[in-house]
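Structure first, commentary second.
Each reported figure results from applying straightforward, stated rules to the coordinates on display, with no laboratory input. Note that the structure is predicted; figures quoted are calculated from it, not measured. Counting neighbours? That spans all protein chains shown, and the Cβs are built from the backbone with ideal geometry, glycine included.
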Amino acid sequence: MLFPRATGILLHPTSLPSGGGIGDLGPAAYEFVDFLAAARQGLWQVLPLGPPANGNSPYSSTSAFAGNPLLISLERLAERGWTKPEPSTLSSLAEKTGAVDYEDVYQSKLPLIVEAARTFFQEAQPTARNRFERFCRANAWWLEDFVLFDALRERYARRCWKQWPRELASRQTAALDDARTELASEINLRRVMQFFFYEQWRALRLYCAQRSIRVVGDIAIFVDHDSADVWSHRNLFRLREDDFEPEAVSGVPPDAFSATGQRWGEATIGGLIVCAGPRRLATTFASITSAGSSSSGRFPPASQPR
C-alpha cells in the first residue's frame with residue numbers, strides 16, 4: 001500500500017510532561033498534536049502502548065491488546081467526575097524530568113486511577129455505564145483473560161505465570177473459577193481501567209485525525225512470555241510441558257550491530273496457525289525461529305473501534 005510522502009516525530013506518550021512522574025494521554029498529548037499540526041508534520045509514531053512486563057519496555061508487555069493504565073490521564077478522569085480535581089489530588093503529583101521511576105509511579109499515580117475506577121462503579125451515569133458494558137462485550141475475547149491474568153500477577157508479586165501454583169499456571173478450570181470469584185473486585189477494577197484507557201486513546205486519535213495527523217503504531221512481532229496471551233494460549237507457543245519454559249526464544253544472529261547477536265527472550269510461535277479475530281478476519285501467523293524484525297502500520301481510523 002502506497003502512502004504520500006510525509007514527515008513526523010517518534011515520541012512515546014510516557015515522555016510527555018505530566019504530573020505523576022510519567023507522561024500520559026492528557027493535556028500535554030493534545031498540545032503535542034497541536035505542535036505537530038503547526039509544524040506541518042503528518043505523522044506521530046507512538047511505539048507500543050501496552051502494560052509493561054519486564055524492564056518496563058514498550059516492547060515487553062503483559063498483553064498484546066491491553067493499554068497501559070499508567071497512561072490514563074487523571075485530568076481527563078477529573079473532567080468526567082471520576083476523580084476529585086482537588087489540588088491535593090492532582091497538584092501533589094508534581095511534574096518530573098528524567099527517566100521514569102516506575103516503582104514510584106506505581107505507588108503514587110496508580111492508586112488514584114484505581115480509586116477513580118471505584119468511583120465509576122458507584123457513580124457512573126447510565127450513558128457511561130452503557131459505553132463500559134459495550135466495551136466489555138466487544139473486547140471480551142482478550143479482556144477477560146487479561147484482567148484475570150493481571151489480578152493473579154499482582155497476587156503473586158508480579159512473578160511470571162510459570163511460577164504460580166501449577167493449577168493456575170496450567171489453567172485448570174476449577175482453579176480459574178475459584179480465582180475469578182476470589183478476585184472479582186480486582187477484576188472489575190481492571191475492566192474499568194481498560195475502559196478508561198480505551199476512551200482516552202480513542203479521543204486522542206480522533207483529535208489527531210481532525211488535524212490530519214496520522215498515528216503510526218510500531219507493532220512488535222513477538223509477545224512476551226510473561227503475558228496473558230502466552231498464558232491463555234500456551235498451545236500456540238513452543239513451550240515445555242513440564243515447566244512452561246520456552247523451547248526457543250526470539251533473537252537475531254551476529255551482525256554488524258552486535259558481534260554476539262541479540263537474545264530478545266520472547267516465546268516463539270509454533271507451527272502455522274490460523275485464528276479468527278474480531279470481525280471474523282482471519283490472520284495467519286508463520287513459524288518464527290531465531291531471526292525477526294518489526295513492522296509499522298497505522299492504527300484503525302479513529303471512527304472505528306480499536
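How large is the direction-averaged shadow of the alpha-carbon convex hull of segment 8-298, in nm²?
Details: hull surface 68.8 nm².
Value for segment 8-298: 17.2 nm².
May I ask you to list the residues of segment 195-221 whose amide nitrogen lies under 19 Å from a point 7 Å from Cα along the Cα→beta-carbon direction of Ala38?
Hits in segment 195-221 for Ala38 at 19 Å: 207-214.
Which chymotrypsin sites (Phe, Trp or Tyr not before Pro) in segment 153-242 pass both tests, a DSSP loop state and at most 15 other beta-carbon atoms within 10 Å?
Within segment 153-242, the qualifying chymotrypsin sites (Phe, Trp or Tyr not before Pro) (loop, at most 15 other Cβ atoms within 10 Å) are Tyr156.
Quick one: order Glu247, Glu266 by neighbouring beta-carbon count within 10 Å, fewest to most.
Sorted ascending by nearby Cβ count, the order is Glu247, Glu266.
Reported to two decimal places, what Rg/Rh ratio describes segment 81-230 when computed on Cα atoms with Rh from the Kirkwood expression?
Over the Cα atoms of segment 81-230, Rg/Rh equals 0.99.
Could you please rank Arg240, Arg158, placing first whichever residue has the fewest other Cβ atoms within 10 Å of its Cβ?
So the residues, fewest neighbours to most, are Arg240, Arg158.
Taking just the alpha carbons, could you work out the radius of gyration and Dmax for segment 145-266, both in angstroms?
Computed over the Cα atoms of segment 145-266, radius of gyration and Dmax are 18.6, 53 Å.
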